1. As an exercise: evaluate Asn157 against (1) modelled with pLDDT under 95; (2) of a type outside the set (A, V, I, L, M); (3) closer than 15 Å to Glu231 by Cα and give the number of the one condition it does not meet.
2. Do you know which of the residues in region 184-243 that are small (Gly, Ala, Ser) and part of a loop (DSSP other than H, G, I, E, B) is nearest to the chain's Cα centre (by Cα)?
3. Please find, among Pro214, Pro156, Pro169, Pro201, the residue that is assigned by TED's automatic domain parsing to the domain that holds Thr125, touching a residue at least 12 places away in the same chain (Cβ under 8 Å) and loosely packed, with under 15 Cβ neighbours inside 10 Å.
Amino acid sequence: MPLKNKKHKKEDDGGGSPAWMTTFGDMMTLLLVFFVLLYSFSSMDVEKFRGFISALQNQLGVLDGGQTITPDVNIDAGNIGEDFAQAPENIQQIMQELDNYIESNNLGDKVNVENKRKGLVISLTGEILYELGKADIREQGKEVLAIISNILIDIPNDIMIEGHTDDLPIRTDEFPSNWELSTARAVNVIKFLIEERNFNPARLSAAGYSEYRPVANNNTAEGRAKNRRVEVVVLNSQYNEGGS
C-alpha cells in the first residue's frame, strides 16, 4: 500500500521584517523627534547632540542587514533654536541704541531692556508713564515712548504691549479691578503708537496681566513700584501673530 505523502507547511521564506518592527520604528521616530524638540529649547552642544543621535540610531534603529529604521537628522547649528535665541536680525543694534538713550537720560531705574526667549522686552515703570491709579499717559511718558518708537518702527516684527500692576486693590467706576487698569494702560500705549507714531495696527496687540506677573516683592513700596510697569515686547518670529 503506497504511503501517503505528508503535507508540509510552507516555511517562511524569511522575506521582510516582523510586523512588530513597524510599530517599533514609529516609536523610535517619535522618540527622536522628542529629543530634537528638547534640543530646540536648549543651548545643547551641537557635537554632543550629533553623537547622541548616532548612538540612538546604532543601538535602537538597525535591522538585520544594516538598514536603519530611524531617520537621518541634519543638524544645522545655525538654524536649530535660532528663533528662540534671537529677536530681530539687528537685535544688538537696537539694544545698543536703547541703552545709549537710557544712559544719556539717566533712565536706568525706570527703563530696562532684556533679550528674552519671546523677544526683546523693554520694561517701563508705571511712574514714568502714568499717575498712580490712572491710565492716561503722562507727557514724560510720551517723550520716552516717542524715542523708543523711532527705534522700533522700521523693524518688521510684531509688538505686544503688556500692562502690569502691583497687588494693591483698585475699585473705581473706571477701573473696578487691576485687570481693567493694566489692560487700559496697555491699550493706551497702542493708541499712542498708532495715532501719534503711525505704527501699523496689524503689528500691535495688547494684554493686561493685573498683579499676577510680578517681578519684585509686593511687600515693599520699592517692589510695588517695580511691578507697576508696561512692557513693550518685540516678538521674535516664533511668536509673531500677524504681518507688518
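1. (3)
2. Among residues in region 184-243 that are small (Gly, Ala, Ser) and part of a loop (DSSP other than H, G, I, E, B), the one nearest to the chain's Cα centre (by Cα) is Ser237.
3. Pro156
The values are calculated or read from the model by the stated rules, or taken from the named source; none is laboratory data. What you are looking at is a predicted structure, and each value in this text was computed from that prediction instead of being measured. Note: ideal-geometry Cβ built from the backbone for every residue, glycine included; neighbour counts use all protein chains shown.
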